[in-house]
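Enquirer: Sharing a structure here in structure tokens format.
Nothing in this text is a laboratory measurement; each read-out follows from the coordinates by a stated rule. Just so you know, these numbers come straight off a predicted model, no measurement behind them. Glycine gets a Cβ as well: all are built from the backbone with ideal geometry, and neighbour counts include every protein chain shown.
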Amino acid sequence: MATTGEGAMRSEVFWQRMAIGLALFIVFGFLQFALRGFVDPVAAPFWVHMHGVLMLAWLGLLIVQPTLVSQGNFARHRQLGRIGGLLALFITCLGIFTGVASLILNRFPPFFSPPYFLALTVTESLVFGVMVAWAIRRRRATDWHRRLMIGATIIILEPALGRLLPIPLMGPWAEPAVALCQLAVVAIIASYDQRSRGAVHPATWAVAAIVIATRVAISLLSMAPPVIALATRLAS
């Protein structure tokens, strides 16, 4: 029993460290971008600030939830889980709104074409929302639930990566570079799976497949005539 308890505790520590690592990386990506003068936070529309607040709340929740489980506070964990579901819904909707509004107001990065930016923001927002919904549906299968929640956050690493990588200089290599960075985080989970289970968990494989499919979908959608037409109309 002691061995089982110690294993469970090590598991919670791993997932909490993953959450903390992802949160620090995302916050650092946005913070250094602002400190370097590439964005004026004061001039940003209120919905941009709202999106930032919601994301910080999501990252905080991602850190707190494993702590509650390790403390045996399952009632509060479930209560915050319901709040997290609503939070993910708002983040998804606001993410799509932000992408569309940024095109209309010409507030998107100049090195992105309008169709690519539209495909990027809408696809990532929807994939994030779907993964969180899947994780909530599999909440009784703890091993799936944890990996899908972290996987959803890996999907939205892209905006932070875009502020850390020299995207304007990378050209067509930018998309593969982002995918490799995201898959590197998935590889950390796969390594943990190998140590703790002796094999990579199916949910980890699923997250890796979703990461790849998301990057491919963004590239393909950005070349689709309906997306090009809509993005051009919005940007004009």
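Enquirer: Go ahead and run the numbers for FRET between LEU35 and ALA57, Cβ-Cβ distance against an R0 of 22 Å, rounding to 0.05.
Expert: Calculated transfer efficiency: 0.50.
Enquirer: A further question follows. Tally Lys/Arg at +1 and Asp/Glu at -1 over every other residue whose Cβ is under 15 Å from the Cβ of ILE83; what's the total?
Expert: +4
Enquirer: Averaged over all directions, how much area does the convex hull of the C-alpha atoms of segment 55-154 cover when projected, in nm²?
Expert: If I average the Cα hull's projected area over directions, I get 6.5 nm².
Enquirer: Which one, VAL39, ASN106, VAL127, is farthest towards the positive end of the dipole of the chain when Lys and Arg carry +1 and Asp and Glu -1 on their Cβ?
Expert: Most positive-ward Cα: VAL127.
Enquirer: What size of dipole, in debye to the nearest 20, comes out for segment 2-235 about its Cα centre when the only charges are +1 on Lys and Arg C-beta atoms and -1 on Asp and Glu C-beta atoms?
Expert: Using Cβ point charges on Lys, Arg, Asp and Glu, segment 2-235 gives about 540 debye.
Enquirer: Something else: For ARG10 paired with LEU89, estimate the spin-label separation in nm (one decimal), with each label point 7 Å from Cα along the Cα-to-Cβ line.
Expert: Label at ARG10, label at LEU89, 4.0 nm between them.
Enquirer: Roughly how tilted is helix 225-235, in degrees to the nearest 10 and between 0 and 90, from the longest Cα axis of the chain?
Expert: In the chain, helix 225-235 runs at an angle near 70 degrees to the longest axis.
Enquirer: For q = 0.15, 0.17 Å⁻¹, what log10 I(q)/I(0) does segment 8-106 give under the Debye formula with an equal point scatterer on each alpha carbon and no solvent?
Expert: The calculated log intensity ratios at q = 0.15, 0.17 Å⁻¹ are -0.73, -0.87.
Enquirer: Can I ask one more? When the helices in the chain are scored as -39500 (n - 2.57) per DSSP H run of 4 or longer and the sum is shared across all residues, what 222 nm value do you end up with, to the nearest 500 deg cm²/dmol?
Expert: -28500 deg cm²/dmol
Enquirer: Next question, about the same structure. How tilted is helix 142-155 with respect to the longest principal axis of the chain? Cα atoms for both, answer in degrees (0 to 90, nearest 10).
Expert: With both axes taken from Cα atoms, the answer is about 20 degrees.
Enquirer: Over segment 143-236, how many percent of alpha carbon pairs lie in each 5 Å bin up to the one with the longest distance?
Expert: Reading the bins upward from 0: 2, 12, 20, 18, 17, 13, 8, 5, 2, 1, 0.
Enquirer: Additional query: In percent, how large is the relative contact order of the chain, given Cα pairs closer than 8 Å and 6 or more residues apart?
Expert: 23
Enquirer: Cα convex hull of the chain: mean projected area in nm², to one decimal?
Expert: On the way: hull surface 53.3 nm².
Its average projected convex-hull area is 13.3 nm².
Enquirer: What distance in nm separates the simple spin-label points at GLN194 and VAL64, each placed 7 Å from Cα in the Cβ direction?
Expert: About 3.6 nm, to one decimal.
Enquirer: On a 0 to 90° scale, report how tilted helix 202-222 is relative to the longest principal axis of the chain, with both axes built from alpha carbons and the result rounded to the nearest 10.
Expert: Computed tilt is about 0 degrees.
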